[in-house]
Amino acid sequence: MINKEWMTIVAKEQIAKDTIEMTLSGSAVIDTAEPGQFVHINVGTNNTNLLRRPISIADVNKKEQTITIIFKIIGTGTDQLSKYTVGQELDVLVPCGQGYPISKVTMKKALVIGGGIGVPPLYYLAKQLQQKGIEVTAVIGFQSEEHVFYESKFSEIGSCHVVTDDGSYGFKGYVTDVLDQVDIAYDYYFSCGPTGMLKAVSKKLEDKKGYISIEQRMGCGIGACYACVVPTSEPNGFKKICKDGPVFEAKEVVL
Amino acid sequence: MINKEWMTIVAKEQIAKDTIEMTLSGSAVIDTAEPGQFVHINVGTNNTNLLRRPISIADVNKKEQTITIIFKIIGTGTDQLSKYTVGQELDVLVPCGQGYPISKVTMKKALVIGGGIGVPPLYYLAKQLQQKGIEVTAVIGFQSEEHVFYESKFSEIGSCHVVTDDGSYGFKGYVTDVLDQVDIAYDYYFSCGPTGMLKAVSKKLEDKKGYISIEQRMGCGIGACYACVVPTSEPNGFKKICKDGPVFEAKEVVL
Amino acid sequence: MIDLTTTLPGLSLKNPIMPASGCFGFGKEYSDVFDLNQLGAIIIKAATKEGRYGNSTPRVAETSAGMLNAIGLQNPGVENIIDNELPFLAKYDVPIIANVAGSSVEEYVEVTKAFTRTTAIQAIELNISCPNVKEGGIQFGTDPGLAAEVTSQVKEASHVPVYVKLSPNVSNIGVMAKAVESAGADGLSMINTLTGMQINLSSRKPLLANKTGGLSGPAIKPVAIRMIYEVKQQVSIPIIGMGGVMTAEDVLEFLLAGASAIAVGTANFHNPLVCPEIIEALPSVLKQYGFDSVEDAIGKGHEHAYTGLSRA
Amino acid sequence: MIDLTTTLPGLSLKNPIMPASGCFGFGKEYSDVFDLNQLGAIIIKAATKEGRYGNSTPRVAETSAGMLNAIGLQNPGVENIIDNELPFLAKYDVPIIANVAGSSVEEYVEVTKAFTRTTAIQAIELNISCPNVKEGGIQFGTDPGLAAEVTSQVKEASHVPVYVKLSPNVSNIGVMAKAVESAGADGLSMINTLTGMQINLSSRKPLLANKTGGLSGPAIKPVAIRMIYEVKQQVSIPIIGMGGVMTAEDVLEFLLAGASAIAVGTANFHNPLVCPEIIEALPSVLKQYGFDSVEDAIGKGHEHAYTGLSRA
Ligand SMILES: Cc1cc2nc3c(=O)[nH]c(=O)nc-3n(C[C@H](O)[C@H](O)[C@H](O)COP(=O)(O)OP(=O)(O)OC[C@H]3O[C@@H](n4cnc5c(N)ncnc54)[C@H](O)[C@@H]3O)c2cc1C
Ligand SMILES: Cc1cc2nc3c(=O)[nH]c(=O)nc-3n(C[C@H](O)[C@H](O)[C@H](O)COP(=O)(O)OP(=O)(O)OC[C@H]3O[C@@H](n4cnc5c(N)ncnc54)[C@H](O)[C@@H]3O)c2cc1C
Ligand SMILES: Cc1cc2nc3c(=O)[nH]c(=O)nc-3n(C[C@H](O)[C@H](O)[C@H](O)COP(=O)(O)O)c2cc1C
Ligand SMILES: Cc1cc2nc3c(=O)[nH]c(=O)nc-3n(C[C@H](O)[C@H](O)[C@H](O)COP(=O)(O)O)c2cc1C
Ligand code: FES
Ligand code: FES
């Protein structure tokens, strides 16, 4: 069940270059929100931004009935979203899609691998994994120092390795380079980030069990329009990212 | 010379049903603004309201460098305009068009006849006429009591007759009915209002000398696009309302 | 009481509002968001003979007051639709219109014949205007002779009334409308999307993998209104109107132009509750503009003699 | 230094930006707002043989991200334009393109011939696509044979290069483009407006007195980009692109699609300074996306083989 809700912005902060953290307060539906799910936000007034914008759920506070999102300003929609202020309301579809199936897999150690705006959903995931007593290591990559966020939050949960494209902070290179250099033990990996990164990660970790979360341009966001399909490994098979995903077992889909 | 200016909203008040009075502060160009001229306002953000909205100058305060506009919310553009708040800036073309040629005509007594949102420009006109020592009588018409505005302001200048369509305030009927019932002495009349009213007024006052201000849907607002033409009494003659008007000698144009 | 009912060949509608083909899947997803029984009808996603995967992604892009799509007729195939999708919709008291697509006259006919084994559909929308498939689709929509040919053959094969969905990408929409009317169409559905493109400045390539896509949304409403107005003067079969409808006021504009029912496409993506919200607002909008019923308003924008529009 | 210059038949432009015909009058009004010497060129309002009054008002309406206009070719007639309007423009160091309109091949030719007595124009834009006049205009724009006929006759009569302005209201823009290229056109200008309509709910009538009007503005940009991209693959003459340009980023999108210069229409009404503002922003936008010059960017959106677009 997806709900269309007016959620109130209760907090807003810039946490890195062009990167905004926003906390939204809503009703009981968020109780069911799982790590890896997303919200589909109507950012526009009138007809300017006709399509909603998908943004991952980065954290959930069930007591306060709030969810947190983190987004980067990259175009007209996220720019418009960044102009909303505390106290204003947002028209949101929540929660959308299927999250990481953490209740269905058993493990002792987990590795989360995030890149850029793929990092946010992994934070709520890491928190949930930690609550279940699972040891979490995080590898998170950003363009450069000024884009880094949530390092300390991940460090509270487990060990956290930061990598930047230009080496201005932490390791230099890509998240996959960290995997080469640091020896991390884990049963499952969970990854989210740009398609290029996900390709590299799932190739490198071919022999491991893992889940990835994919992005695609969306129309409806609820599975009706077939805009966001991804081919699966079966012949002619496909899944809808907005409804069957955005999280998939790494081997299930063809990137 | 028309200027494109960012003017700051320094005051905003609802003065009647759906009717907003807004005062804008700008630079020296407003020194040249004449009664009957208008401003052409970009009300939209992005592409929602692509065309500017023409709104008459209702008052000018040269000392404070402000102009006042009064507008009625009738559609998306005026609705958008009504949402701006004190302190925000508006993108305005100012001043546009030709006003009432009060420096070119000599008279002792003047009659101003306004209907609805045609009333605002007549206020600044009446003030200017009064300053020149001319006796001003005003006849102003509105839909109903809740739409009436500026009666007291006109009364400060001269005698003022209010008429409402439904008789809920003042005379019942149209402004032309007042002209039938009240004996007003004047050398020139000056009228602004809906085309229907202007037709009725100029027909009734056929034998009098007068000026009318006309409305038409506009594109450019500066005379380049030919959207706003009005036929003149000469064969094949025409004038552009935005540039040659909106004020014309009543006999010059064919409504 | 404002009467929202309207009757078209094969369709007795409690209100004139239906989701447009391709924008509502087969209804299941939206049934999670609102009660489908509120709808006047539902036009389901295009059916082809075999299942199709469609185009590569990205398949959608946003434009000013509109969007481009190049889904490419992805669907599970007509047999699958009949067996696995229609039973769900049959539970609702809402007429279903099946959108039939194909790459050849034969395929259109076969899909239509396949549908004859179900009573779950009340009409066919013959999609001769889909711009996003390599073979077939749009040339039927731009050639009056081909359009008439496919119409008459599908009409013969069909057990329910046939509405032909016209493409706006034509020089003369009236000619197309008259051609399919003569060929036996029971009604028209218009408009489909205008062909458009967006180029990504960074990649220097068309944003959609298919390069071109169909433009829909409020941006195209003036074109839709013009074409419906023009066609209404030239045919006597009813029109299901669509193209950029966002509000109940838009619905009235389409009724005045001559549409007898209205499909809502892109707006569902902006607001998944848009159909029920329009249905709720419609009575007061009709009343505000002086109409007692939907049927009252149909074609009322034609007060004056037809003076030939742009092509006189 | 980013090089903004670009050269087209008859036109040596300091930058690729020019106001579109009908949206800038004969330049006088905008010269009150900015220095016209900043412009790459100016396309003046349509000229017919005799002066025309045009259509009744209202002549414009606003739509979602666009507008409709039905001015109806109001202009003082070609002789008047040459004697009373061009001398003012001749004072500027800016190439002038005259937009030629008519109701018959003869009128087009006579207007073109009249222009031969002035050196104040550097090119002709042959307007075979104006949708807002009762006779002539658009049928030339939708019939390849007629379009070729009028092109070759005007070309013969003209002392300057001829750019043919294409209508988007056609089933196949490539066929039109190739027809006028074969007939001798030196360049193309595209697109003109899409025919549209808006109905006023209160009056229950089309809002424009002319009923239909031409849709312009950002709403039509995806159609313009698609048509230019498609035509660029099929002709070798240069294209002046237009349709919904608001920003320097839009200009780059048109260059990538294949336009060699860009006209700005509706945006002038939104912001009378839009042309100089675009010209100022263009170098940094070109640089941001990796181009050193305007000519560098032309057609760079065609990295892949032409796969036939929507009609393959
Ligand atoms: C499941 C999912 C979760 C996401 N989570 C986050 C998140 O937590 N934080 C964050 O910053 N971003 C996230 N994104 C990406 C985010 O949706 C885009 O950055 C955003 O839509 C861009 O909108 P825009 O108007 O600023 O950009 P524009 O480029 O102007 O957008 C134009 C159109 O393209 C779409 N679009 C552009 N980029 C993307 C993209 N990368 N993925 C999908 N659609 C895109 C937009 O939605 C819009 O329809 C997520 C995407 C998906 C699919
Ligand atoms: C010279 C002049 C002076 C004016 N002065 C005032 C004034 O002082 N106060 C005031 O309230 N109104 C005034 N108007 C009318 C005002 O411009 C319109 O009410 C306003 O443009 C409506 O915009 P909208 O978006 O709310 O309505 P919509 O109907 O949504 O507008 C759609 C389009 O139609 C145009 N339009 C609609 N109504 C009119 C109209 N009556 N005249 C011209 N264009 C119209 C709009 O500008 C817009 O382009 C004046 C008009 C003119 C021409
Ligand atoms: C994502 C999407 C998919 C579509 N798929 C189909 C389709 O399968 N068959 C069809 O006839 N029309 C299809 N259309 C066109 C719509 O049914 C409708 O004619 C068009 O979008 C105009 O209406 P709108 O502006 O309300 O969206 C599709 C439109 C969109 C946006
Ligand atoms: C008010 C108006 C008047 C126009 N007059 C003409 C004209 O006289 N001749 C012509 O070829 N095009 C004319 N056009 C079309 C424009 O030149 C241009 O092709 C079209 O508007 C698309 O560009 P835009 O979206 O930037 O406005 C006119 C457009 C508008 C809006
Ligand atoms: S966005 Fe519509 S199916 Fe995924
Ligand atoms: S609005 Fe353009 S000429 Fe008057």
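A few comments on the model shown:
- Criterion: more than 16 Å from ligand 5 (Cβ to nearest atom), touching a strand residue (DSSP E or B) at 6+ places or on another chain (Cβ under 6 Å), at pLDDT 95 or above and over 30 Å from residue C:26 (Cβ atoms) - qualifying residue of A:171, A:142: A:142
- Hits in the range D:19-67 - residues which are within 14 Å of chain C (Cβ to nearest Cβ) and either outside any loop (DSSP other than H, G, I, E, B) or of a type in the set (Phe, Trp, Tyr) (or both): D:60, D:61, D:62, D:63, D:66, D:67
- Residues of the range C:201-210 satisfying the condition of being crowded, with 24+ Cβ neighbours inside 10 Å and within 8 Å of chain D (Cβ to nearest Cβ): C:206
- Residue check, residue C:43 within 11 Å of ligand 3 (Cβ to nearest atom), among the hydrophobic types (A, V, I, L, M, F, W, C) and touching a Ser or Thr at 6+ places or on another chain (Cβ under 6 Å): yes
- Just one of (1) of a type in the set (Val, Ile, Thr); (2) within 16 Å of ligand 6 (Cβ to nearest atom); (3) within 14 Å of chain D (Cβ to nearest Cβ) fails for residue B:247. It is (3).
- The range A:233-255 residues that are within 17 Å of residue C:53 (Cα to Cα) and away from ligand 3 (no atom under 16 Å from the Cβ), paired with ones that are open to solvent by less than 70 Å² (accessible area, probe 1.4 Å) and charged (D, E, K, R) (beta carbon under 7 Å, 6 or more apart): A:233/A:252; A:253/A:239
- Residue match in the range D:38-52 (condition: open to solvent by 10 Å² or more (accessible area, probe 1.4 Å) and β-branched (Val, Ile, Thr)): no
- Lone qualifier among C:258, C:214, C:265 - being in contact (Cβ under 8 Å) with a residue 40 or more places away in the chain and at positive phi: C:258
- Test: residue in the range A:175-184 that is assigned to a strand (DSSP E or B) and either away from ligand 4 (no atom under 16 Å from the Cβ) or open to solvent by less than 50 Å² (accessible area, probe 1.4 Å) (or both): no
- Check on residue B:213, under 30 Å from residue B:91 (Cβ atoms) and within 16 Å of ligand 2 (Cβ to nearest atom): yes
- Qualifying residue in the range D:279-293 (condition: away from ligand 1 (no atom under 16 Å from the Cβ) and within 20 Å of residue D:216 (Cα to Cα)): no
- The range B:72-101 - residue that is away from every other protein chain (no Cβ under 14 Å) and over 26 Å from residue B:217 (Cα atoms) and, of those, nearest to ligand 1 (Cβ to nearest atom): B:87
- Scanning the range D:211-227 for any residue that is assigned to a loop (DSSP other than H, G, I, E, B) and open to solvent by 10 Å² or more (accessible area, probe 1.4 Å) turns up nothing.
- The range C:90-102: number of residues that are touching a Ser or Thr at 6+ places or on another chain (Cβ under 9 Å) and over 16 Å from residue C:165 (Cβ atoms): 3
- Filtered residues of the range A:199-244 (kept if closer than 25 Å to residue A:183 by Cβ, outside any strand (DSSP E or B) and either among the β-branched types (Val, Ile, Thr) or facing another protein chain (nearest Cβ under 7 Å) (or both)): A:201
- Within the range D:235-271, the set of residues being at the interface with another protein chain (Cβ under 10 Å from one of its Cβ atoms), away from ligand 1 (no atom under 16 Å from the Cβ) and not in a loop (DSSP other than H, G, I, E, B) comprises D:254, D:255, D:256, D:257, D:267, D:268, D:269, D:270.
- Residue ranges of helices (runs of 4 or more DSSP H) in the range B:72-160 with at least 3 members over 29 Å from residue D:61 (Cα atoms) and open to solvent by 10 Å² or more (accessible area, probe 1.4 Å): B:119-131, B:151-157
- Qualifying positions in the range A:173-197 - within 14 Å of ligand 1 (Cβ to nearest atom), over 13 Å from residue A:137 (Cβ atoms) and touching a Gly at 6+ places or on another chain (Cβ under 8 Å): A:192, A:193, A:194, A:197
- Within the range C:259-278, being of a type in the set (A, V, I, L, M, F, W, C) and over 18 Å from residue A:4 (Cα atoms) holds for C:259, C:261, C:262, C:263, C:264.
- Of all residues in the range D:288-303 being part of a helix (DSSP H, G or I) and more than 12 Å from chain C (Cβ to nearest Cβ), the one that is surrounded by the fewest Cβ atoms within 10 Å (Cβ to Cβ): D:295
The values are calculated or read from the model by the stated rules, or taken from the named source; none is laboratory data. Quantities reported herein were computed from a predicted structural model and do not represent experimental measurements. Here the Cβ is made from the backbone with ideal geometry for all residues, glycine too, and neighbour counts use every protein chain on show. Surface areas here come from the heavy atoms of the whole protein model, side chains and all, with no ligands, DNA or RNA. Shrake-Rupley method; radii C 1.70, N 1.55, O 1.52, S 1.80 Å.
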